[in-house]
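Undergrad: Okay, handing you the structure first.
The values are calculated or read from the model by the stated rules, or taken from the named source; none is laboratory data. Treat the numbers as computed from the prediction; the structure is a model and nothing was measured. Positions of Cβ are generated from backbone atoms using ideal geometry, with glycine treated the same way; all protein chains shown enter the neighbour counts.
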Amino acid sequence: MKTFLVRTLLCLLIAPFLLAASSFASERGEQVVLLHGIFRSSSHMEDLEEVLKAKGFTVFNLDYPSTEFPLDQLASMVAKDVREKIDPSKPVHFVGYSMGGIVTRIVLNKYRPDNLGRVVQLASPNGGSEVADFLKENWLYETFYGPAGQQLVTQGGGIEELMGKVDYPLGVVAGNFSIDPVSSHIIPGDDDGKVSVESTKVPGMKDHVVVYASHTFFPQNDTVHAQTLNFLRFGSFIKN
């Protein structure tokens, strides 16, 4: 009950800001690129897509073959798709969920558009995943999650070099509610069932916030939507 009241109050407090964000985004013709997580598709991001569209953003909810290629190849594919779709004369923001946030950072490190706006990562394992460490040698995990899944480890995956330094306005949203007790037993500290709060942090980020959300349902969470919108509009998160 307490959690429900806190979330309700948060939504009421930010409503005026989100209304202002709607007209602002429309007037500037702002664009947002959405990137889903591993073993997912653009359909997993549709709730967030609709929220962003309702606030005036032009949204490109991209699909990419997340389980078929290594991260650097996936980033190259995404970068090509972005170049073909966006208007280079208007600001473009990026919002990446889970591994989509890792792919986003690789794209911005190697193929950054000149019209880059702000960037939001949702439950992304910037420091790697302890679950990936545990399952790396498992043939079923490798079969389902492919070469990129093997790179999401805490050490030896090479993702830190691929992502490079954060020298752009990055906001990171982490979750601290789990519906996966097995994975949470493996992960140290607070986590969302797949990624630890600590692993989401990265040097150079402009802001970081923890929300009561599980990893699987992050893109459908109302508080995640509100925090994403606030960062895209103001470059910061709403703090309780």
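Undergrad: Can you give me the number of residues within the stretch 192-202 that are over 13 Å from GLN121 (Cα atoms) and touching a residue at least 24 places away in the same chain (Cβ under 8 Å)?
TA: Keep residues of the stretch 192-202 that are over 13 Å from GLN121 (Cα atoms), which gives 192-194, 196, 198.
Now drop any that are not touching a residue at least 24 places away in the same chain (Cβ under 8 Å), which leaves 192, 194, 196, 198.
Of the residues in the stretch 192-202, 4 are over 13 Å from GLN121 (Cα atoms) and touching a residue at least 24 places away in the same chain (Cβ under 8 Å).
Undergrad: Among the residues of the stretch 195-240, what is the count of those that are under 19 Å from GLY56 (Cβ atoms), among the small types (Gly, Ala, Ser) and either in contact with a His (Cβ under 9 Å, 6 or more places away or on another chain) or crowded, with 21+ Cβ neighbours inside 10 Å (or both)?
TA: The qualifying residues number 1.
Undergrad: Determine, yes or no, whether THR154 is under 16 Å from the mean Cα position of the chain (by Cα) and either surrounded by fewer than 19 Cβ atoms within 10 Å (Cβ to Cβ) or in a helix (DSSP H, G or I) (or both).
TA: Here the answer is no, as THR154 does not meet what is asked.
Undergrad: If a residue counts only when it is over 28 Å from ASP192 (Cβ atoms), which helices (runs of 4 or more DSSP H) contained entirely in the stretch 17-127 have at least 2 such residues? Steps first, answer last, please.
TA: Details: elements: 46-54, 71-85, 99-110.
Ranges flagged: 71-85.
Undergrad: Counting just the residues of the stretch 128-137 that are at pLDDT 90 or above and assigned to a loop (DSSP other than H, G, I, E, B), which one comes out surrounded by the most Cβ atoms within 10 Å (Cβ to Cβ)?
TA: First, the residues of the stretch 128-137 that are at pLDDT 90 or above: 128-132.
Keeping just the survivors that are assigned to a loop (DSSP other than H, G, I, E, B) gives 128-129.
On the way: GLY128: 21, SER129: 26.
Step by step, filter the stretch 128-137, then rank; the result is SER129.
Undergrad: To continue, here is another question. Considering the stretch 214-240 alone, what residues qualify as being part of a loop (DSSP other than H, G, I, E, B) and more than 14 Å from the chain's Cα centre (by Cα)?
TA: First, the residues of the stretch 214-240 that are part of a loop (DSSP other than H, G, I, E, B): 214-217, 221, 235-240.
Scanning the stretch 214-240 gives GLY235, SER236, PHE237, ILE238, LYS239, ASN240.
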